[in-house]
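Below is one structure, written out as structure tokens; comments come after it.
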Amino acid sequence: MFILLYTISNFTIVPLAAKHFGRVPLPLRGRVKPLNIGTCLLNRHYVRPALRDVVMKSYQVLDSKYSGCTVNYLDAGFPFYNGFPLLPHLSHNDGRKLDLAFFYKDKNGKPLNDAPSAIGYGVYESPRGSEVNYAERCTSKGYWQYGVMEQIVPQRNKPDYIFDAERTAALVNILSANKSVEKIFIEPHLKRRLGLPSPKIRFHGCQAVRHDDHVHVQVY
Ligand SMILES: [Zn+2]
């Protein structure tokens, strides 16, 4: 009975109440959707209307170039109150921040519309050879949490999912060109590898976690 009432209220009462806090839910299905429906069942998919507009418009631009692509979102924010962090993300506490999954393709180059990690986090596109390696730098400074998700999340799908640099770079460039977007976090070695020019794309700091499994976007 609890599960039934919880689920019904999640999709009826909570979205209405969230309006009073200036939050709207991201779509549950379609071409912009949660990578994992658990994100929505736990009410972690609420954002300010401006951020939802950014995501929906970015998808439209992306779809005009890569028809049929799907933008999978990860954690956003809770529906109520500013300042209540969405653990483990300390900064996702005001509806202005959202994580998006990377794009992947299969070994034959066919675009995929999901990700190697069921939750979107923890399967990393690691630095190669001479690329700057913040995972090593941060861990050596004692920030044990920086790459900890790799030890928690199963890695068995990793060989079958090839990082789609082209579509991921396109998404980041579209997001960074949007006037409403304040900052984007992606691991520095990927910023360089993908040739992402925008000054909005910054390093998030060693106190955060690795961002070579997802893109963090936040609006003003
Ligand atoms: Zn984030």
Quiz prompt | Accessible area per residue, Å², the chain with all protein chains present, probe 1.4 Å | solution = 51 Å²
Quiz item: Hey, which of these cross-link pairs are over 27 Å Cα-Cα: LYS19/LYS158; LYS19/LYS57; LYS19/LYS200?
Solution: LYS19/LYS158; LYS19/LYS200
Quiz item: Taking the Cβ of LEU87 as the center, what net charge do the other residues with Cβ under 11 Å away carry, scoring Lys and Arg +1 and Asp and Glu -1?
Solution: 0
Exercise. Work out the length of the dipole vector of the chain about its Cα centre, built from +1 on the beta-carbon of each Lys and Arg and -1 on the beta-carbon of each Asp and Glu, and round it to the nearest 20 debye.
Key: 440 debye
Quiz item: Efficiency by 1/(1 + (r/R0)^6): what FRET value for TRP144 and ARG202, r their Cβ-Cβ distance, R0 = 30 Å, to the nearest 0.05?
Solution: 0.85
Quiz item: Per residue and in cubic angstrom, what volume does the convex hull of the Cα atoms of the stretch 2-219 have?
Solution: 133 Å³
Self-check item: Full-extension gain in nm, LYS107 to LYS179, via 0.36 nm per residue minus C-alpha separation
Solution: 22.3 nm
Quiz item: Among ASN72, ASN82, ASN36, which one moves the most in a GNM of the chain with springs linking Cα atoms closer than 10 Å?
Solution: ASN82
Quiz item: Can you give me the pair-distance distribution of the stretch 93-220, C-alpha pairs, 10 Å bins, whole percents?
Solution: 13, 43, 37, 7, 0
Quiz item: Normalised by the residues of the chain, what does the relative contact order come to in percent, with Cα pairs under 8 Å and at least six apart?
Solution: 20 percent
Self-check item: Charge dipole magnitude, Cβ of K and R +1, D and E -1 - the stretch 98-220, Cα centre, debye nearest 20
Solution: 300 debye
Quiz item: Cα to Cα, under 18 Å, and not fewer than 8 places away if on the same chain: which aspartates and glutamates meet these conditions relative to LYS105?
Solution: ASP63, ASP114, GLU125, ASP160, ASP164, GLU166, ASP212, ASP213
Practice problem: Round to the nearest 10 and give me the degree value, 0 to 90, for the angle of helix 165-177's Cα axis relative to the longest principal axis of the chain. | Solution: 60 degrees
Quiz item: ASP63 to LEU16: extension gain in nm, 0.36 nm per residue of separation minus the Cα-Cα distance?
Solution: 13.9 nm
Exercise. Quick one: among ASP114, ASP99, ASP63, which has the greatest mean-square fluctuation in a GNM of the chain with alpha-carbon springs under 10 angstrom?
Key: ASP63
Quiz item: Given DSSP loops and a limit of at most 14 other Cβ atoms within 10 Å, what is the longest stretch of the chain that contains no such trypsin sites (Lys or Arg not before Pro)?
Solution: 30-106
Quiz prompt | GNM flexibility winner over the chain from ALA17, ALA135, ALA115 (Cα, springs under 10 Å) | solution = ALA17
Quiz item: In Å, what is the Rg of the alpha-carbon atoms in the stretch 137-204, and how long is Dmax?
Solution: 14.4, 39
Quiz prompt | Charge dipole of the stretch 2-219 about the Cα centre (unit charges at C-beta), most positive-ward option of SER67, GLN145, HIS214 | solution = SER67
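The values are calculated or read from the model by the stated rules, or taken from the named source; none is laboratory data. Bear in mind the structure is a predicted one, so any value in this text is a computation, not a measurement. Cβ coordinates were reconstructed from backbone atoms using ideal geometry, including for glycine residues, and neighbour counts include every protein chain displayed. With ligands, DNA and RNA removed, areas are computed over all heavy atoms of the protein, side chains included. Shrake-Rupley method; radii C 1.70, N 1.55, O 1.52, S 1.80 Å.
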